[in-house]
């Protein structure tokens, strides 16, 4: 009762000058706050612009020295000061695409399981486990790959594959070479494991946007679960599924630590999947320490960064364009 | 008459075909489902394998010295104290710089300008930054902070982490503010409050658990980041808490130690890896349960 009385006393109309002052201070506060929010937004825009600009300016010396050959040349010789990005661009693309080839079917299986097959009480724990897999830092994947997967590859998988597939006429070159355990294939395998949870989680989110009525109609016609997913869910979500895969590709392209541990770090393009290689990110991470300020090598590394940024930007922009229709309503 | 009989015998034959087709469809479905169960099994097995390896190698290397001694040359019983502190400091400063900016940007997108060209551009750029290779953010900060100010520093590392924090906070803040019903805003405005009070005193408070979730996820993400620190805070094997000098961090130390030929350093790397993974996964679980309770 007392409270109500105070309340009514407070809401009694203030004198006119009070009202005006209150209003104008609110307007001033609003203007400041709105300006602060907007300038924070502009800051983010400038940030991306600055990243592109700084990487480009940093790489300018290398671009000027080598011209377009910087992108295509496969030579990387710090002693002669000849730098070409060809090998690392090749390694980046090959490992990322191989990783996708391995990760996408698995991710689809997990998404199918989580949306259609799993009993409701299991969906959340399994979904959380997949998301936790995405949260593990990449350096941990690198260590795990280096101490667990690499020995396993060199003692078990690679000798077996070299002895069987390596003797076939066409596949011979693909699986040639000594079984070091490191190399392009191992890097792609670790990358696949790293991007698997991202793609699986996106696919699950996308699958869940299919209206239940569509699926129920198909089940009502007697479709099996696989037929429902193949003929209803996948056609309905096709564009977004591709977007999710592109998102995984974007992650795989720029991954640094895990790849650096297992790829073998050699600047050559080998026909064998078991051969060593490098990626843009691994070259930058490993050789940066040896690049002096102002040297051509530092400029070449920043130029590599610029190329990686351009590639990732295209892939991520495409992914966002494809995903937006479904997930960001 | 005979024609009717003939056509009546037709469906009987079709039934056999249909039954065979049905069996085949069921078999295909079963096979695909089995493959999906297997895929999920592989996914869970990978998580178990990673955690198992970490616990197996990490716990045997974990002792009090890890937390009380600084990094030492191989063979002389060092710990990870400076790396742990360096990681905490840089993560804290990075989060402290990145969170307010991300919060303001998310507020701008959700409350001020939902679909203007500027807002769409900001949202696009923020999404790109969210997935951009973190090593490039390290290179960028090297260019703008390390080169002009004459050296690697803890500040540079913190700024690199802040740039990674921003888009994560932007995304969760915008999503959470968008979930609030407009009637809430109308009620506040109807009471005569200015918009900035509506946002700070009502909207942020109503969305607080979601925003905190975003911040926790951002902390979890940057705490394990290695690549952006390589060219910014560099890592430091000596005791130093100065933000203007190269600063040690757990991921960088793990990177250096795991690749070394010394057994005691490798053991320390496993201990560090266990600490960081437990911290990151713990933060993730905390963030998730916070969001679910809401």
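The values are calculated or read from the model by the stated rules, or taken from the named source; none is laboratory data. What you see is a predicted model; the values in this text were computed from it and never measured. Ideal geometry is used to build each Cβ from the backbone, glycine not excepted, and the neighbour counts take in all protein chains shown.
General remarks:
- Within the range B:49-79, the set of residues being within 14 Å of chain A (Cβ to nearest Cβ) and surrounded by 16 or more Cβ atoms within 10 Å (Cβ to Cβ) comprises B:50, B:51, B:53, B:54, B:57, B:58, B:61.
- Sole exception among (1) crowded, with 21+ Cβ neighbours inside 10 Å; (2) away from chain B (no Cβ under 13 Å); (3) more than 24 Å from the chain's Cα centre (by Cα) for residue A:268, by number: (1)
- Residues in the range B:86-129 that are outside any helix (DSSP H, G or I) and more than 8 Å from chain A (Cβ to nearest Cβ): 3 in all.
- Where a residue in the range B:137-156 is free of Cβ contacts under 8 Å to residues at least 40 places away in the same chain and its partner, wherever it lies, is surrounded by fewer than 16 Cβ atoms within 10 Å (Cβ to Cβ) and in a helix (DSSP H, G or I), with Cβ under 8 Å and at least six apart: B:140/A:50; B:143/A:57; B:144/A:50
- Any chance residue B:239 is at the interface with chain A (Cβ under 9 Å from one of its Cβ atoms) and either touching a residue at least 60 places away in the same chain (Cβ under 8 Å) or not in a helix (DSSP H, G or I) (or both): no
- Output for the range A:162-220, where each listed residue is in contact (Cβ under 8 Å) with a residue 24 or more places away in the chain, assigned to a helix (DSSP H, G or I) and over 27 Å from the mean Cα position of the chain (by Cα): A:162
- Within the range A:221-256, the set of residues being free of Cβ contacts under 8 Å to residues at least 12 places away in the same chain, at the interface with chain B (Cβ under 10 Å from one of its Cβ atoms) and not in a helix (DSSP H, G or I) comprises A:222, A:223, A:224.
- Condition check for residue B:46: facing chain A (nearest Cβ under 8 Å) and closer than 30 Å to residue B:204 by Cβ: no
- Meets criteria (at pLDDT 90 or above, more than 14 Å from every other protein chain (Cβ to nearest Cβ) and part of a helix (DSSP H, G or I)) for residue A:63: yes
- All conditions but one from (1) within 14 Å of another protein chain (Cβ to nearest Cβ); (2) in contact (Cβ under 8 Å) with a residue 60 or more places away in the chain; (3) within 26 Å of the chain's Cα centre (by Cα) apply to residue B:41; the one that does not is (2).
- Options B:150, B:138: the member that is assigned to a loop (DSSP other than H, G, I, E, B) and either out of contact with any helix residue (DSSP H, G or I) (no Cβ under 9 Å at 6 or more places or on another chain) or within 10 Å of chain A (Cβ to nearest Cβ) (or both): B:150
- Residue in the range B:200-219 that is surrounded by fewer than 17 Cβ atoms within 10 Å (Cβ to Cβ), part of a helix (DSSP H, G or I) and within 10 Å of chain A (Cβ to nearest Cβ) present: yes
- Test for residue A:31: is it at pLDDT 90 or above and part of a helix (DSSP H, G or I): yes
- Qualifying helices (runs of 4 or more DSSP H) (wholly inside the range A:83-155; at least 3 residues being free of Cβ contacts under 8 Å to residues at least 40 places away in the same chain and either within 12 Å of chain B (Cβ to nearest Cβ) or surrounded by 18 or more Cβ atoms within 10 Å (Cβ to Cβ) (or both)): A:120-135
- Out of B:128, B:144, sole residue that is surrounded by fewer than 24 Cβ atoms within 10 Å (Cβ to Cβ) and within 22 Å of residue B:86 (Cβ to Cβ): B:144
- Test for residue B:38: is it assigned to a helix (DSSP H, G or I), at pLDDT 90 or above and surrounded by 11 or more Cβ atoms within 10 Å (Cβ to Cβ): yes
- Selection count, the range A:279-326, where residues are surrounded by fewer than 24 Cβ atoms within 10 Å (Cβ to Cβ), under 30 Å from residue A:211 (Cα atoms) and in contact with a helix residue (DSSP H, G or I) (Cβ under 6 Å, 6 or more places away or on another chain): 6
- Against the criterion of being surrounded by 15 or more Cβ atoms within 10 Å (Cβ to Cβ), more than 7 Å from chain A (Cβ to nearest Cβ) and closer than 27 Å to residue B:166 by Cβ, residue B:83 qualifies.
- Evaluating residue B:33 against the criteria (1) over 30 Å from residue B:158 (Cβ atoms); (2) within 14 Å of another protein chain (Cβ to nearest Cβ); (3) modelled with pLDDT under 90 leaves one unmet condition, (3).
- Only one of the numbered conditions (1) over 21 Å from the mean Cα position of the chain (by Cα); (2) not in a helix (DSSP H, G or I) is violated by residue B:184, and that is (2).
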